[in-house]
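> Starting off with a structure, shown below.
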Amino acid sequence: MSSDARTVLPVIRTKAQAKEIYDKMSPFYDYFAGVFERKSRNEALKRLNISRGETVLEIGFGTGHCLKQITEAVGHEGRVYGIDISSRMLAASRRRLEKAGLWSRAELTCDDALKMPYTDSKFDAVFSSFTLELFDSPEIPQMLAKIRRVLRPNGRIGVVSLSKEDGDSRFLTLYEWLHRKLPRYIDCRPIYAERSIEDAGFEIQYKERVGLFGLPADIVIGTKPPPYLT
Ligand SMILES: C[S@@+](CC[C@H](N)C(=O)[O-])C[C@H]1O[C@@H](n2cnc3c(N)ncnc32)[C@H](O)[C@@H]1O
């Protein structure tokens, strides 16, 4: 594998452009991306093992499929928070939760998740699917440090992301070529999720490689160690 094949591609679009694109995509998102992503999202959620009464944050919740499952899992005693840069994604998620009678358990914010407007140690678990790879490389450690801050000791992080670990697969090369050509639209790009999460000080509890019609993705579950171990 050449060094170029190992390099994570930069994010070229601005946050304003990300918001604009996801606002435009929100009515159609489930038809094209949802089909590819559903299985791995659900598997990651299962591994995150959310239980009744927990307080959970989802970052980049999109049209709210996982948000709904998380809200069901925490039950009446729990609380779910979500942050997404797209106001139309938020509106779609709100409709989904209202339809399911779950809206009163949720609190959604429309903003750049890097702002992380939550207090320290607030959450039992933080979940994010196909969103960590939308942050530019210098932002990924910042994002993970903020997730660590808002998790309680022993709290869990669950991430699904496109994986760069099989950097020489032909399909990955083709996908990255598309990302270079259409960086505003094909904005997810493969990253080293497990290594980034470990470097941010989490203990890796579970890792699974899954395939999205030829594109490798990783499910990674980690925990925030208690203070006496850090
Ligand atoms: C590829 S979609 C994934 C949606 C959902 N998690 C799923 O798996 O179906 C990425 C989501 O992250 C949101 N997003 C992109 N950049 C963001 C940012 N900087 N802060 C918060 N949300 C962001 C988008 O609006 C979109 O809803």
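The values are calculated or read from the model by the stated rules, or taken from the named source; none is laboratory data. Every value quoted in this text rests on a predicted model; they were computed, and no experiment measured them. Cβ atoms come from the backbone with ideal geometry, glycine included; neighbour counts cover every protein chain shown.
> Would you check if there is a residue in segment 44-53 being near the ligand (Cβ under 10 Å from one of its atoms) and within 17 Å of I219 (Cβ to Cβ)?
Let us first name the residues in segment 44-53 that are near the ligand (Cβ under 10 Å from one of its atoms), namely 44.
Okay, now just the ones that are also within 17 Å of I219 (Cβ to Cβ), so 44.
Yes, segment 44-53 has at least one match.
> Let me confirm something: among G155, G222, G211, which residue is small (G, A, S) and either surrounded by fewer than 21 Cβ atoms within 10 Å (Cβ to Cβ) or within 23 Å of Y22 (Cα to Cα) (or both)?
Details: G155 fails: either surrounded by fewer than 21 Cβ atoms within 10 Å (Cβ to Cβ) or within 23 Å of Y22 (Cα to Cα) (or both); G222 fails: either surrounded by fewer than 21 Cβ atoms within 10 Å (Cβ to Cβ) or within 23 Å of Y22 (Cα to Cα) (or both).
Checking each option against the conditions leaves just G211.
> Find the residue count for segment 190-210, including only residues that are in contact with a Phe, Trp or Tyr (Cβ under 9 Å, 6 or more places away or on another chain) and small (G, A, S).
Final tally of qualifying residues: 0.
> With the condition being within 16 Å of the ligand (Cβ to nearest atom) and aliphatic (A, V, I, L, M), I'd like the helices (runs of 4 or more DSSP H) fully within segment 137-226 carrying at least 2 qualifying residues.
Values: elements: 139-150, 170-181, 193-199.
Answer list for segment 137-226: 139-150.
> Shifting gears a bit: What are the residue pairs meeting all of these: first residue in segment 137-151, first residue surrounded by fewer than 19 Cβ atoms within 10 Å (Cβ to Cβ), second residue of a type in the set (S, T, N, Q), Cβ atoms under 7 Å, and 6 or more apart or on different chains?
P141/S196
> Here is a follow-up. Just the residues that are modelled with pLDDT of 95 or more, acidic (D, E) and within 22 Å of G34 (Cα to Cα), please, taken from segment 179-230.
Of everything in segment 179-230, those that are modelled with pLDDT of 95 or more, acidic (D, E) and within 22 Å of G34 (Cα to Cα) turn out to be E208, D218.
> I'd like the full set of residues that are in contact with a strand residue (DSSP E or B) (Cβ under 6 Å, 6 or more places away or on another chain) and either assigned to a loop (DSSP other than H, G, I, E, B) or within 21 Å of L151 (Cα to Cα) (or both), limited to segment 75-104.
Correct list: R79, V80, Y81, G82, I83.
> A further question on this structure: Does segment 176-201 hold any residues that are more than 17 Å from T131 (Cβ to Cβ) and aromatic (F, W, Y), and which are they? If you could, list the steps in order and put the result at the bottom.
Of all residues in segment 176-201, those more than 17 Å from T131 (Cβ to Cβ) come to 176-178, 180-182, 195, 198-199, 201.
Across segment 176-201, the qualifying residue is only W177.
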